[in-house]
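Every number here is computed from the coordinates shown, using simple stated rules; none is lab data. These numbers come from a predicted model, not from an experiment. As a convention, Cβ positions derive from the backbone with ideal geometry for all residues, glycine included, and neighbour counts pool all protein chains shown.
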């Protein structure tokens, strides 16, 4: 049963990726004075604590404008989204406390990914985001973001979100975004074909 639920979740996300991105872009284009908060890498790998919406496809908020549980010792309350920063970073996102929430992550209004599949069932398990990130019962994910300006917003996943509540994100600096080996192999293949073509012409 769990297998079929996960397959349904994956298939629906393919269609939702296009629809949700267009919808969100329209919302942004019709919104004036959209709030934003500058964020930075926190010392000691600390996290930002945010409030996940209890409504399917609802936008997460900062804890300064919503009721949040007392944050874990290794976290601080996040302010209003969007959460903005510049440069290449890794973004980590994890559910905490009760399991069951799954998050869609947007950068500049474009869906960049969804956190891992999760089901409701584990309650009051972890409030510490470091522990929750390592526990496969919780939905979590890491996203590599390249150079440039980033504006992060987080929405509940329409298919599986049931609880809302406490969740966390953090950003970590990365020196460079690695290029997959397949890209290098593809490039090497093109160079080889070009060399063959030149020899044939000669």
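Potential lengthening of the chain between residue 147 and residue 108 amounts to 12.7 nm, from the contour at 0.36 nm per residue minus the alpha-carbon distance. What the Cβ-Cβ distance of residue 36 and residue 77 gives, at R0 = 22 Å and to the nearest 0.05, is a FRET efficiency of 0.85.
Projected label points at residue 43 and residue 120, each 7 Å from Cα along the beta carbon direction, are separated by 4.1 nanometres.
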